[in-house]
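Peer 1: Quick one: this structure, given as structure tokens, is what I'll be asking you about.
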Amino acid sequence: MSFYNFHINRLKTIILLAVFSVSIQAVHAQVCSDPFNVIYGINQRGNIVPINVNTASVGSALTSSDDADFPGNTYNSNSIGLNIQTSTFYYFQKNSSSNQKFVSYNTKTKTYKTLANSPISGSDVRGCVTADGTGYYCLDGSHTLCYYNIAKDKWTKIGSNLFDQNDKDLSSTLDDMGSGDIAIDGVGRLWIVVASSSKWGIYMMDAPLPTTSQSYLLLNERVAPTQPTPTNDPFGGIAYNASGQMYMSTQNNLYLLNDDLSISHIGAFSTSGVGADLTSCNFPFSVLGFTWKDFTASLPNNNWVKLAWDLNQGINNLGYHIERSNDGQSWKEIGFLNNIPSGGTASYTFLDKNPENGMNYYRIQASGFDEKTRYSKTIAQNIKDQRNLRIWPVPASSFINIETSGRAASTNAIIRIINPIGQVIISSPLHAGTNKVNIEKLHPGIYIARIKLANGSLINKEIIKE
């Protein structure tokens, strides 16, 4: 299958999943009747409650210890996830490995079910259900990732060897930041918030998520785990809204993580203690966007163009394609910078050492995990003709003439003729005035004449050998 067809089929799957999810939500209105305004929390006794995201007000509990088959009072319930296909919550009523009880609650039939014991170590602190409702993932206090197959009522221990994109072992980070939560987006990526009483950060595991044992698990750092918490109370729950922002909760307070990674306090829960964990009906395709702040161009030596841009980049970005145009219409990529994982504002610079004479237009294309295209504004920089270089004839059969003057005329200037695979075929010094270079032995085709000036800058010109 081609790369293009793969992504087309993936997009079709995503669209079908979105349509299917919406239809399911409409059928089981008792849970997901208002996904824009309502998420769900659980307190440590195992009571599931709806939460209004605009006011942090808590509605009547969906579960009750008075229910005939209530799975028992506890003081350490956690790791709630919602299967929107069946309107069923999955969670640990008791989350200790030595005394665990993993259960489900179907809100349509109002029935509980005690499920198979998990392979967690210690206690479980993070859990969620996949967008298609086939599985449940949890990450326990010993940073072991486990998978539960809902149809088979069967657990698999995935692994605990977690590393970031720089191959850094995350064991100590996760040990120090033992709180937090996980959530899966609409394309199957796992987002992991880690937190302590003073710091928090975000990691992402790319899709497809593993369902079998793994010796190595890669987590991409999306927000460095150095962000200060708004209080001395760790985040214990996260849930998406429809646009891909995250609600984050402590035991007693609800916050919104904005696109620029700032945190807004929505309010204290009207019923205390329901922020031990969160879940929602939303599985957005894009998680946390970003906003451009500034984009400028300057001439550090009257020959190079320095580009600089600042943005509140969120956590959904892969990197930045730098594009240049001579007419503002036809664009060519001249470089790429990887995303710098950070919270809040990030700053980038790029040096174009080979601008064209005359007007140069620049723009930045941001590349995201959601495969959306986001462009900066377009800016222009005029490069005056100070390099005075002319090559003729084009095409040529035996010789090319190179005339240099001004900044291009230097005893230290060199011309190199480069073939299409990057090999230097001819190298020759240049002097002021007209230089003649023999290309008679070159095979017919297109070559690059690369002139290196005394200051180290390069001028590339295309030549054609007949």
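The values are calculated or read from the model by the stated rules, or taken from the named source; none is laboratory data. Values in this document were obtained by computation on a predicted structure and should not be read as measured data. Note that each Cβ is placed from the backbone with ideal geometry, even for glycine, and that neighbours are counted across all protein chains shown. Areas reflect the complete protein model, heavy atoms only, side chains present, ligands, DNA and RNA absent. Shrake-Rupley method; radii C 1.70, N 1.55, O 1.52, S 1.80 Å.
Peer 1: In region 425-466, which residues are in a loop (DSSP other than H, G, I, E, B) and of a type in the set (Asp, Glu)?
Peer 2: Pass one, region 425-466, residues in a loop (DSSP other than H, G, I, E, B): 430-432, 439-444, 453-457, 466.
Answer for region 425-466, where residues must be in a loop (DSSP other than H, G, I, E, B) and of a type in the set (Asp, Glu): Glu440, Glu466.
Peer 1: Can you give me the number of residues within region 239-260 that are part of a loop (DSSP other than H, G, I, E, B) and open to solvent by 20 Å² or more (accessible area, probe 1.4 Å)? Break it down stepwise before answering.
Peer 2: Within region 239-260, the subset part of a loop (DSSP other than H, G, I, E, B) is 241-245, 250-252, 258-260.
Narrowing further to those that are open to solvent by 20 Å² or more (accessible area, probe 1.4 Å): 242-243, 245, 251-252, 258-260.
Result for region 239-260: 8.
Peer 1: Of everything in region 222-238, what is out of contact with any Pro (no Cβ under 9 Å at 6 or more places or on another chain) and open to solvent by 10 Å² or more (accessible area, probe 1.4 Å)? Give them in sequence order. Spell out how you get there, then give the answer.
Peer 2: Taking region 222-238 as the starting set, the residues that turn out to be out of contact with any Pro (no Cβ under 9 Å at 6 or more places or on another chain) are 225-238.
Answer for region 222-238, where residues must be out of contact with any Pro (no Cβ under 9 Å at 6 or more places or on another chain) and open to solvent by 10 Å² or more (accessible area, probe 1.4 Å): Pro225, Thr226, Gln227, Pro228, Thr229, Pro230, Thr231, Asn232, Asp233, Pro234, Gly236.
A quick yes/no check of all residues on (1) at pLDDT below 95; (2) under 18 Å from the mean Cα position of the chain (by Cα); (3) open to solvent by less than 70 Å² (accessible area, probe 1.4 Å):
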| position | (1), (2), (3) |
| --- | --- |
| Lys152 | no, no, no |
| Trp155 | no, no, yes |
| Lys168 | yes, no, no |
| Asp176 | yes, no, no |
| Thr212 | no, no, no |
| Leu219 | yes, yes, yes |
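Peer 1: For region 180-198, enumerate the residues that are of a type in the set (Val, Ile, Thr) and within 15 Å of Leu257 (Cβ to Cβ). Lay out the reasoning, then the answer.
Peer 2: At the first step, the residues of region 180-198 found to be of a type in the set (Val, Ile, Thr) are 182, 184, 187, 192-194.
Matches in region 180-198: Ile182, Ile192, Val193, Val194.
Peer 1: Shifting gears a bit: On the basis of being open to solvent by 20 Å² or more (accessible area, probe 1.4 Å) and at pLDDT below 95, does Lys113 make the cut? Before the answer, list the steps.
Peer 2: On the way: open to solvent by 20 Å² or more (accessible area, probe 1.4 Å): yes; at pLDDT below 95: no.
Answer is no for this residue.
Peer 1: Right, another one. Return the residue satisfying two criteria in turn: it lies in region 261-282 and is part of a strand (DSSP E or B) and not polar (S, T, N, Q), and of such residues it is nearest to Arg189 (Cα to Cα).
Peer 2: So in region 261-282, the residues part of a strand (DSSP E or B) come out as 263-268, 275, 277-279.
Applying the additional criterion that residues be not polar (S, T, N, Q) yields 263, 265-268, 275, 277-278.
Numbers: Ile263: 23, His265: 27, Ile266: 27, Gly267: 29, Ala268: 30, Gly275: 23, Asp277: 19, Leu278: 18 Å.
Restricting to residues being part of a strand (DSSP E or B) and not polar (S, T, N, Q), the top hit is Leu278.
Peer 1: Here is a follow-up. Do any strands (runs of 3 or more DSSP E) entirely within region 109-195 hold 2 or more residues that are farther than 16 Å from Gly81 by Cα, and if so, which? Steps first, answer last, please.
Peer 2: On the way: elements: 111-114, 124-129, 135-140, 145-149, 154-159, 179-184, 190-195.
Here the list reads 154-159, 190-195.
Peer 1: Among the residues of region 62-83, are any on the phi < 0 side of the Ramachandran plot, surrounded by fewer than 16 Cβ atoms within 10 Å (Cβ to Cβ) and modelled with pLDDT of 95 or more?
Peer 2: No, region 62-83 contains no residue that is on the phi < 0 side of the Ramachandran plot, surrounded by fewer than 16 Cβ atoms within 10 Å (Cβ to Cβ) and modelled with pLDDT of 95 or more.
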